[in-house]
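Report on the structure given below.
The values are calculated or read from the model by the stated rules, or taken from the named source; none is laboratory data. Quick caveat: nothing in here was measured; it's all calculated off a predicted structure. Cβ: placed from backbone, ideal geometry, glycine included. Neighbour counts: every protein chain shown.
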Amino acid sequence: MRLRATTLATLVCAFGLCALVHAADWPQFRGPNSAGISTSTNIPASFDPAAARWKTALPAGHSSPIIVGQHIFLTAFDGPKLYLIALDRATGRELWRRDIPRPRTQELHKTNSPASPTPTSDGQNVYAFFVDYGLISFTHDGRERWRLPLGPFNNPFGQAASPVLSGSTLLQPCDAESGSFFLAVNKDTGKVKWRVERPEYTRGFSTPILYKPANGPAQVLLAGSYQLTAYQVETGEVVWYSRGLTWQLKPTPVMDADNIYVLGWAGEADPGQQEVIPTFRETLDKLDANKDGKLSKEEVAATYPKIPKEWVSYDLDVDGYLGERDWKLYQSKRSVVNGIRAIKLGGSGDMTHNIKWTYSKSLPNVPSPLLYNGVLYMVKDSGILTTLDPKTGEVHKQGRLPGLQEPFYSSPIAADGKVFVMSEGCKLAALKAGPEWEVLAVSDFDDICHATPAIVDNTVYLRTRSALYAFGPEKTAFN
């Protein structure tokens with residue numbers, strides 16, 4: 001599949017945003033529909049931090065930059081403070097910074113942050129989600145429009161899924177160990193349009209993507225624990241679903257005209273690590289010594305010694321015991337297999353039979369896959385890069401990126417026949433795109449990086465822990 005400018009424009013316009021957001025913009029996490037593809041040309045392979053067109057110091061944050069019109073938007077934190085920040089696209093000058101309410105401090109994984117979800121914009125307004133507050137919207141000139149408090153969330157890792165827009169609807173998933181839900185609000189008022197409870201899902205971090213069937217209303221596709229689900233954008237009704245995913249979804253899927261490619265890796269779910277767990281009733285009959293209808297740490301310790309050691313991962317509702325829901329999800333957790341799966345788009349009801357292929361080796365933990373010019377790319381920790389044939393799941397090439405033997409949290413993006421991947425240690429590798437990829441250059445920014453770069457109007461924007469860089473021509477449409 002070749003994503004040219006017309007195709008990217010379709011990704012934007014198909015969901016009612018084309019009047020305000022241009023195809024050349026990068027209005028959400030990984031650009032139009034999270035595809036990670038830019039139509040920009042004349043993009044170099046190597047970058048000298050000292051030769052950036054501009055560099056703007058920023059507070060820390062894991063969110064990626066979005067670029068819409070003359071504005072760049074990011075979220076950030078500094079000690080107890082949360083911020084939404086707007087920069088001038090041409091110069092990097094800070095235009096405004098707004099304090100975000102922070103009524104609580106969410107427990108976070110050590111690699112997460114309170115400013116991880118990436119904002120989104122409709123061309124006139126910007127929308128952001130914060131784990132310690134909820135949703136909030138501002139105009140591009142910094143005037144607050146509305147706010148919608150959400151949470152707190154029972155997620156020991158924090159939240160990371162980013163909001164997305166479809167027409168007048170703003171969509172935000174909030175999956176957690178308990179109390180998971182998917183929310184749609186009116187982007188102009190902040191009023192809830194629908195809220196779907198998701199009790200069968202535990203913690204998840206994947207950003208939803210949009211799908212417009214040839215005959216039918218727009219759908220939003222959300223990859224969560226054990227299942228990909230397609231909801232009608234306007235109503236929240238479940239249209240179709242595909243089971244068999246792993247138990248903790250971090251990457252965001254990508255899609256072409258026919259298929260969606262869903263990647264998931266979680267601990268102890270590689271092939272061969274599965275085990276059959278007895279039902280809750282069978283386990284109660286055997287282990288429930290005091291016959292209170294639930295399981296304590298002491299009751300399961302002898303048979304399942306690992307559970308008491310990692311109790312927080314099993315006592316999902318944090319009530320001090322394992323109940324029926326906890327146990328059923330433990331059964332599911334021990335049965336699933338990690339993998340990237342090609343799933344045929346569309347249908348009605350259970351479409352699990354539409355999984356075309358599954359590949360289960362050398363899988364990333366956090367970075368999303370990239371589908372570019374008919375090749376599927378994945379990059380995992382230690383700098384192992386794999387290209388797959390999206391039609392069959394067969395490996396084209398797998399190899400280690402030189403000098404990048406470290407973790408990866410940023411997702412790959414592509415432009416101008418090149419694929420770019422950024423390591424946690426802020427080393428940016430540029431690859432010659434293709435099944436038999438080649439490393440063209442590696443640029444070292446000597447910092448920490450969790451954000452995904454953006455490429456707009458022949459300019460590359462890179463966020464590190466301490467700054468945002470712009471590399472590109474001095475004169476652009478927004479100078």
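Condition check for Glu424 on (1) in a loop (DSSP other than H, G, I, E, B); (2) touching a residue at least 60 places away in the same chain (Cβ under 8 Å): one failure, at (2).
Please go through segment 329-358 and give me each residue that is surrounded by fewer than 17 Cβ atoms within 10 Å (Cβ to Cβ), over 15 Å from Ala230 (Cβ atoms) and among the charged types (D, E, K, R), ordered by number. Listed by number, the residues that qualify are Arg334, Lys356.
Which one of Ala128, Ala115, Ala76, Ala160 is of a type in the set (A, V, I, L, M), under 18 Å from the mean Cα position of the chain (by Cα) and surrounded by fewer than 23 Cβ atoms within 10 Å (Cβ to Cβ)?
On the way: Ala128 fails: surrounded by fewer than 23 Cβ atoms within 10 Å (Cβ to Cβ); Ala115 fails: surrounded by fewer than 23 Cβ atoms within 10 Å (Cβ to Cβ); Ala160 fails: surrounded by fewer than 23 Cβ atoms within 10 Å (Cβ to Cβ).
Going through Ala128, Ala115, Ala76, Ala160 in turn, the sole match is Ala76.
Restricting to segment 251-268, name every residue that is over 24 Å from Asp389 (Cβ atoms) and either in contact (Cβ under 8 Å) with a residue 40 or more places away in the chain or not in a loop (DSSP other than H, G, I, E, B) (or both). Of everything in segment 251-268, those that are over 24 Å from Asp389 (Cβ atoms) and either in contact (Cβ under 8 Å) with a residue 40 or more places away in the chain or not in a loop (DSSP other than H, G, I, E, B) (or both) turn out to be Ala266, Glu268. Restricting attention to segment 138-146, does a residue exist that is out of contact with any Lys or Arg (no Cβ under 8 Å at 6 or more places or on another chain), under 18 Å from Pro208 (Cβ atoms) and in the same structural domain as Glu234 (by TED's automatic domain parsing)? The answer is no; no qualifying residue exists. Of all residues in segment 429-461, those being surrounded by 23 or more Cβ atoms within 10 Å (Cβ to Cβ), touching a Phe, Trp or Tyr at 6+ places or on another chain (Cβ under 6 Å) and aliphatic (A, V, I, L, M) number 4.
Residues in segment 165-188 that are buried (at least 22 other Cβ atoms within 10 Å of the Cβ) and part of a loop (DSSP other than H, G, I, E, B): Asp175, Ala176, Glu177, Ser180, Lys187.
Every listed requirement among (1) surrounded by fewer than 18 Cβ atoms within 10 Å (Cβ to Cβ); (2) free of Cβ contacts under 8 Å to residues at least 60 places away in the same chain; (3) over 30 Å from Asp25 (Cβ atoms) is met by Gly383 save one, (1). When you check His140 against the structure, is it within 19 Å of the chain's Cα centre (by Cα) and surrounded by fewer than 22 Cβ atoms within 10 Å (Cβ to Cβ), yes or no? In short, no.
Taking the criterion of being surrounded by fewer than 24 Cβ atoms within 10 Å (Cβ to Cβ) and not hydroxyl-bearing (Ser, Thr, Tyr), the residues of segment 189-208 that qualify are Gly190, Lys191, Val192, Lys193, Trp194, Arg195, Val196, Glu197, Arg198, Pro199, Glu200. If you go through segment 281-305 and pick out every residue that is among the charged types (D, E, K, R) and either at pLDDT below 95 or not in a helix (DSSP H, G or I) (or both), you end up with 4.
Here Leu108, Leu95, Leu87 are screened, and the one residue that is farther than 30 Å from Tyr211 by Cα and crowded, with 21+ Cβ neighbours inside 10 Å is Leu87.
Restricting to strands (runs of 3 or more DSSP E) lying wholly in segment 430-479: which have 2 or more residues that are more than 26 Å from the chain's Cα centre (by Cα) and in contact (Cβ under 8 Å) with a residue 60 or more places away in the chain? Give the derivation first.
On the way: elements: 438-444, 454-456, 459-463, 467-471.
Qualifying strands (runs of 3 or more DSSP E): 438-444.
In summary, Gly293 fulfils each of the numbered conditions (1) under 35 Å from the mean Cα position of the chain (by Cα); (2) on the phi > 0 side of the Ramachandran plot with the single exception of condition (1).
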